[in-house]
Amino acid sequence: MSYPTFTMRQLLEAGVHFGHHTRRWNPKMAPYIFGKRNNIHIVNLEKTVPMLYEALDAIQSIAKNGGKFLFVGTKRSASDLIAQAATNCGQYYVNHRWLGGMLTNWETVSNSIKKLKSLEERIETGEVNSLTKKERLQIERQKEKLDLNLGGIKNMNGIPDAMFIIDTNKESIAILEANNLNIPVIAICDTNSNPSGVDYPIPGNDDALRAISLYCDLVAASILKGLESNLEQSGIDVGESEIIVEEGFVQGVDSDNISEDVSAESIASDDNDVEKSNK
């Protein structure tokens with residue numbers, strides 16, 4: 001099975017190796033920490049690489065079997081990237097706020113989704129045009145609020161088969177719900193993260209835009225590869241199908257735009273600045 005490829009330099013240039021301040025670390029992440037530099041923990045990318053490939057393998061296998069994915073990332077740095085990546089590979093997302101019971105109380109969520117679709121239909125067909133301006137405004141606001149919370153899952157039609165999460169601390173409720181329903185969790189785990197409940201942890205920075213973008217591109221590309229294999233198994237000639245991963249889909253980051261602090265040379269070749277962890 002072929003996977004989307006990436007290089008160690010891409011990870012370095014995206015800042016995947018930069019963790020949090022040493023005061024904010026989670027001891028459960030000790031096995032994945034290389035050391036520290038200027039009181040910042042440095043993630044051991046030699047651990048990240050095989051774990052990332054393992055996660056991509058699992059993602060591709062689930063997609064190959066027709067599984068649905070839910071991307072979850074509600075913090076500002078991840079919100080837009082999560083939505084775009086999920087959309088790019090025909091999957092689903094939550095990028096504004098995780099509502100308690102979003103998975104474990106799916107029946108109630110389904111009713112809210114039905115309400116959202118009903119409001120959308122009323123607006124699209126012009127049914128609301130006969131209402132007063134105040135009534136139309138109330139309906140539009142109600143629709144916007146529901147769409148903000150549920151728009152990314154309104155066509156999911158049931159709980160997902162796997163979840164991809166950015167920031168395990170912020171999305172801890174989502175992870176608990178997934179665990180209760182035996183839904184596999186793939187998640188980026190920073191040095192301050194709790195990897196408990198994560199089936200496929202990927203040690204790395206979960207705040208930097210370039211790092212999050214790289215993760216999202218790799219995950220989306222793996223899903224597309226799996227979907228391509230699923231079609232081939234069904235005897236469908238994918239040919240130049242839209243779901244085939246385009247060459248260069250995962251392009252990494254333009255090294256010309258990387259600051260000195262996040263270059264490969266600033267970490268890999270400077271043993272004097274990096275104190276190796278004794279753990």
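The values are calculated or read from the model by the stated rules, or taken from the named source; none is laboratory data. Keep in mind the model is a prediction, meaning the values are calculated, not measured. Don't worry about glycine lacking a Cβ; one is built from the backbone with ideal geometry, like all the others, and counts go over all protein chains shown.
Residue count for the stretch 75-89 under the criterion of being within 13 Å of residue 153 (Cβ to Cβ) and touching a residue at least 24 places away in the same chain (Cβ under 8 Å): the result is 3.
For the criterion of being touching a strand residue (DSSP E or B) at 6+ places or on another chain (Cβ under 7 Å) and modelled with pLDDT of 95 or more, residue 202 passes. Look at (1) buried (at least 18 other Cβ atoms within 10 Å of the Cβ); (2) farther than 30 Å from residue 16 by Cβ; (3) without any contact (Cβ under 8 Å) to a residue 24 or more places away in the chain and you find that residue 175 fails only one, number (2).
Out of all the residues in the stretch 173-206, which are of a type in the set (Val, Ile, Thr) and part of a loop (DSSP other than H, G, I, E, B)?
Hits for the stretch 173-206 are 183, 191, 198.
The condition of being more than 14 Å from the chain's Cα centre (by Cα), of a type in the set (Val, Ile, Thr) and either closer than 24 Å to residue 215 by Cβ or not in a helix (DSSP H, G or I) (or both) does not hold for residue 87. Counting residues in the stretch 130-150 that are touching a Gly at 6+ places or on another chain (Cβ under 9 Å), surrounded by 13 or more Cβ atoms within 10 Å (Cβ to Cβ) and outside any helix (DSSP H, G or I) gives zero. The residues in the stretch 83-109 that are exposed (fewer than 15 other Cβ atoms within 10 Å of the Cβ), under 30 Å from residue 221 (Cα atoms) and either of a type outside the set (S, T, N, Q) or not assigned by TED's automatic domain parsing to the domain that holds residue 221 (or both) can be counted, and the count is 3. Looking across 65, 39, 44, one residue alone is among the polar types (S, T, N, Q), at positive phi and more than 15 Å from the chain's Cα centre (by Cα). It is 39. Residues that are among the aliphatic types (A, V, I, L, M) and either outside the structural domain of residue 196 (by TED's automatic domain parsing) or exposed (fewer than 15 other Cβ atoms within 10 Å of the Cβ) (or both): does the stretch 27-39 have at least one? Yes, the conditions are met somewhere in the stretch 27-39. Just one of the listed residues (159, 165) is part of a loop (DSSP other than H, G, I, E, B), of a type outside the set (D, E, K, R) and crowded, with 18+ Cβ neighbours inside 10 Å, namely 159.
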